[in-house]
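Encoded as structure tokens, the structure appears first; notes follow it.
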Amino acid sequence: MPGSADIFKMINRDELSHVRLFQRIIPEAMESLNHSKDQVYELFDAAVQQEIQWSNHIVGNQILGITDASTEQYTKYLANSRLRAIGLDNLYEGDRYKKSPYTHLERFSDTKKDGNTKANFFESGVTSYVMSSGLTGWDEI
């Protein structure tokens, strides 16, 4: 799957630039255009419902570890995170929306910290095996 990792990186970069842009635009719009917090919450809730519906349509329960319920939990968790980033309160209450249901997968995408992932998943060979010094004689074969 040559190029897959690069495509994912570009999509991620694009999505993060949208996040940063709207973290600036929404508070400014609320102040300048007299938008109420309730309108922002309504907008977020509508977007979350659409994202959940789309994700469940595309992915559904067809990937091991991803379910309709975990998609809903993750989408609402992200919405709460984005709302806090612009100085608003959580829209979705409950402990299940305080953390990502996919934290166990973050280790595999972490190329800089504790994941010890040395290359992308799709385009590389394994690079994290530890070489054993106890075996000898392989050079003669």
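Per-structure values
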| item | result |
| --- | --- |
| Estimated dipole of segment 4-113 in Debye, rounded to 20 [Cβ of Lys and Arg +1, of Asp and Glu -1, Cα centre] | 520 debye |
| Highest to lowest packing among 17-25, 44-52, 74-82, scored as the average C-beta count within 10 Å | 74-82, 44-52, 17-25 |
| Scaled radius of gyration (Cα, divided by 2.2 N^0.38 Å) that segment 4-113 gives | 1.18 |
| Cross-link pairs beyond the 19 Å C-alpha cut-off, checked among Lys9/Lys76; Lys37/Lys76; Lys9/Lys99 | Lys9/Lys76; Lys9/Lys99 |
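No value in this document is a laboratory result; all are computed from the given coordinates. Small disclaimer: the values here were computed from a predicted structure and weren't measured. Cβ: placed from backbone, ideal geometry, glycine included. Neighbour counts: every protein chain shown.
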